[in-house]
1. Which one of these is free of Cβ contacts under 8 Å to residues at least 24 places away in the same chain, in a helix (DSSP H, G or I) and in contact with a helix residue (DSSP H, G or I) (Cβ under 8 Å, 6 or more places away or on another chain): 204, 200, 208?
2. Going by the structure shown, is residue 42 at pLDDT 95 or above and out of contact with any helix residue (DSSP H, G or I) (no Cβ under 6 Å at 6 or more places or on another chain)?
3. Of all residues being at pLDDT below 90 and exposed (fewer than 13 other Cβ atoms within 10 Å of the Cβ) in region 12-39, which is farthest from residue 190 (Cα to Cα)? Just the residue, please.
């Protein structure tokens, strides 16, 4: 485990104008990945081949979650980890472990994304993926997040958030809908209030109803009631 730097060193390393980054969106993505890969693993073990609509919905959602997880890890490997390594060599072993975890998760994603296998045959790999991903995220939040908050300024982190928005492409609407769906009701209301009026209208009339139908089809009525 990496030894935390003393607070006095952190203060000395940055001018008084240093502002820590807002990690709300990044950590929110962790919560979505934990929850959704767990639910996908359970559903894959339950669904039968003759439930064709449910199979199609689960396959589409698994593909979406896989794209988002791969983007998340590429962003860390290409942008976040090099910044941390350059600023604090004491983080080397920890970040090496993080990259090795990404490699192992990629191996599992190759299995879970293999549509030549039925979902039921991929269910064990999905369970492994969820377990190993959850452990990876737990360690990342406990040991890497403090380093991010003391090293990477808010302005630089915001550029990564903007890059994420710019590269969503066809996943933009569904990503926003899943983010909103995972927020608790008070936070959800505040988030929606900040969106442009046309986007709010699309969410309420098109995206949310479609999202509820998808969740009901994949996971059942109970899962859809909270949306």
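1. Among 204, 200, 208, only 200 is free of Cβ contacts under 8 Å to residues at least 24 places away in the same chain, in a helix (DSSP H, G or I) and in contact with a helix residue (DSSP H, G or I) (Cβ under 8 Å, 6 or more places away or on another chain).
2. On the way: at pLDDT 95 or above: yes; out of contact with any helix residue (DSSP H, G or I) (no Cβ under 6 Å at 6 or more places or on another chain): yes.
Criteria met by residue 42.
3. Applying the filter and picking the extreme gives 12.
The values are calculated or read from the model by the stated rules, or taken from the named source; none is laboratory data. Everything quoted here is computed from the prediction, not taken from an experiment. For neighbour counting, all protein chains shown are included, and Cβ atoms are generated from backbone atoms with ideal geometry for every residue, glycine included.
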